[in-house]
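Have a look at the structure below before the remarks.
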Amino acid sequence: MAFQYINTGTSANKGDGDSLRLAFHKINQNFAQVQSASTTSVVISDLTESPAIEIKSFGGTFTLPGDGTTAVQLFEFDRRVYRGASIDILAENQTTLTQDAGSSYIVTWNSTTSHILGLGIVSLKQDGTTENAKWDLVDTSIYDNQIRVQAYNVSGSTATNDIAWRAKVSLFRL
């Protein structure tokens with residue numbers, strides 16, 4: 001289903017726009033579409049119907065190496081199609097039994113290099129305390145026009161960790 005736009009009419013109180021009931025019905029349907037996007041993509045278009053933002057879900061499991069230099073590729077997207085990305089990620093470190101989360105990562109790039117910026121992933125331990133996670137999204141690479149988002153061990157620990165993760169990624173089109 002495409003996003004539904006509310007007809008606001010030609011002027012205030014003229015009565016030629018959508019009724020309040022119909023307007024809120026459209027809003028509810030739009031939110032339902034975004035909320036159900038856990039396994040599919042949502043495309044938000046401008047009034048010309050050309051896609052402006054795509055919200056995609058990614059997820060899986062990986063083993064975080066203990067060497068601090070080996071990257072684990074999580075997902076990728078085409079830099080010829082998208083101009084920017086915002087990432088929110090939630091994970092469970094199955095080795096340390098913590099809930100790991102990071103939000104509002106920004107991915108930027110130009111013709112030769114790409115970067116990921118964020119405050120870091122925080123672990124919530126079973127006793128309710130928090131600490132920096134043993135891993136983070138600290139690098140991206142460009143290969144064959146694909147921006148590859150990667151995770152690294154940032155803790156200095158040489159232990160491997162098993163991570164189950166999922167992410168919502170807002171991709172901004174050119």
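What the table shows:
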{"read-out": "Among Phe24, Phe58, Phe75, residue whose mean-square fluctuation peaks in a GNM of the chain (springs only between Cα atoms under 10 Å)", "value": "Phe24"}
{"read-out": "Degrees between helix 20-35 axis and first principal axis of the chain (Cα, 0 to 90, nearest 10)", "value": "20 degrees"}
{"read-out": "The chain: equivalent-ellipsoid semi-axes (sqrt of 5 x gyration tensor eigenvalues, Cα, Å)", "value": "38, 20, 12"}
{"read-out": "Dipole in debye (nearest 20) - the stretch 93-152, about Cα centre, beta carbon charges: Lys, Arg +1; Asp, Glu -1", "value": "40 debye"}
{"read-out": "Cβ-based net charge around Asp144, under 11 Å, with every Lys or Arg adding one and every Asp or Glu removing one", "value": "+1"}
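Every read-out reported here was derived from the displayed coordinates using simple, explicitly stated rules and does not represent laboratory data. Small disclaimer: the values here were computed from a predicted structure and weren't measured. Every residue, glycine among them, receives a Cβ derived from its backbone with ideal geometry; neighbour counts consider all protein chains shown.
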